[in-house]
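All of the numbers you see were taken from the coordinates with simple rules; none came from a lab. Not measured: the values here are computed from a predicted model. So basically every Cβ, Gly included, is an ideal-geometry build from the backbone, and we count neighbours across all protein chains shown.
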Amino acid sequence: MNTPQSREGNVIRYAVYLAGYVAVFAVVKLVTRKSPVHIWDLILFGLVAAMILLFYVYRFNREQRFFARDLKLPWLGSLSTVVLLTLVITVTQISISYLQSYGRISHYDFQLIYAKSESVNMFWFLIVVQGIVLPILQEFLATGFLFNYAFRRNTKQVAIMGIIVSGLIYSLLNFQNSVVLFIIDAIYGMVFAWSYMYTQTLLMPIYLAVVSGVLTVIMI
């Protein structure tokens, strides 16, 4: 039960991590429903987000000692890959924003929330939340803990299945009602998961998810 190789323990642990994410997401919804943003709401979000994030980092680092990595490429070890994926995310986010402006693709919920308030404080709150905090938590859940618990075998089939499942979980964690946005987020999630498999470090998918999240807010 105390190691990531225990199925029962993994289910319980993942459920706890998921509950923590839901708590942060609920606080975000609470804050964004109010305009203008109040200081006590920001303090509440900061405390909850910091507590869950530190808990994730502590648990993930603690669990890594149970696994031996045959190859670990620093996330900047292949600069060309980093640059290429950054460009791909940037171009696709610009394209999505363009299609949204013409009504071809639905807007994200937080984009609609900002459009109603058009508050500078709300914009910066969304940069922190949607651009940084939630993407980091999502990558711990959809990539880090998921691969630790369910997709550890070094086979091509397991890797492909893990990437697909990771993409679906990443999309589900965004809680969007649009089928098109669900597919887009799932594809992004699969790209992030592949980058984790390639570098064997969670820093790479976290970086890509943050880039994607910040661009999504900036393109509002």
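Neighbours of Lys34 by Cβ distance under 13 Å: Lys/Arg scored +1, Asp/Glu scored -1, total +2. Label-to-label distance for Ser178 and Thr81 is 3.1 nm, based on points extended 7 Å past Cα in the beta-carbon direction. Classify segment 2-62 from the C-alpha gyration tensor, please: rounded if a/c falls under 1.5, else prolate or oblate depending on whether a/b exceeds b/c. Prolate is the answer for segment 2-62, as a/c is 1.5 or above and a/b outweighs b/c.
In the chain, helices alone account for a calculated mean residue ellipticity at 222 nm of -24000 deg cm²/dmol, with every DSSP H run of four or more residues adding -39,500 (n - 2.57). When the Cα convex hull of segment 41-166 is projected onto planes of every orientation, the mean area is 10.5 nm².
The length gained by stretching the chain between Val16 and Ala50 to full extension, at 0.36 nm per residue less their Cα-Cα distance, is 10.6 nm.
Summing Lys and Arg as +1 and Asp and Glu as -1 over all other residues whose Cβ lies under 11 Å from the Cβ of Gln176 gives a net charge of -2.
With the Cα gyration tensor of the chain giving a ≥ b ≥ c as the square roots of its eigenvalues, does the rule (a/c under 1.5 for rounded; else a/b larger than b/c for prolate; else oblate) give rounded, prolate or oblate? Oblate shape, in that a/c is at least 1.5 and b/c is the bigger or equal ratio.
Against the chain, whose longest principal axis is taken from its Cα atoms, helix 156-173 shows a tilt of about 30°. Counting only Cβ charges, +1 for Lys and Arg and -1 for Asp and Glu, the dipole size of the chain around its Cα centre is about 440 debye.
A simple count of charges around Leu44, restricted to other residues whose Cβ falls under 15 Å of its Cβ and scoring Lys, Arg +1 and Asp, Glu -1, yields +2. Of the chymotrypsin sites (Phe, Trp or Tyr not before Pro) found in segment 119-220, those in coil by DSSP whose Cβ has at most 13 other Cβ atoms within 10 Å are Phe175. What do you get for the angle between helix 79-101 and the principal long axis of the chain? Use alpha-carbon atoms, 0 to 90 degrees, nearest ten. It works out to around 40 degrees. Working from Cα positions, state the angle (0 to 90°, nearest 10) between the long axis of helix 7-32 and the longest principal axis of the chain. Rounded to the nearest ten degrees, it is 10.
With R₀ set to 30 Å, the beta-carbon distance separating Leu30 from Leu99 gives a calculated FRET efficiency near 0.50.
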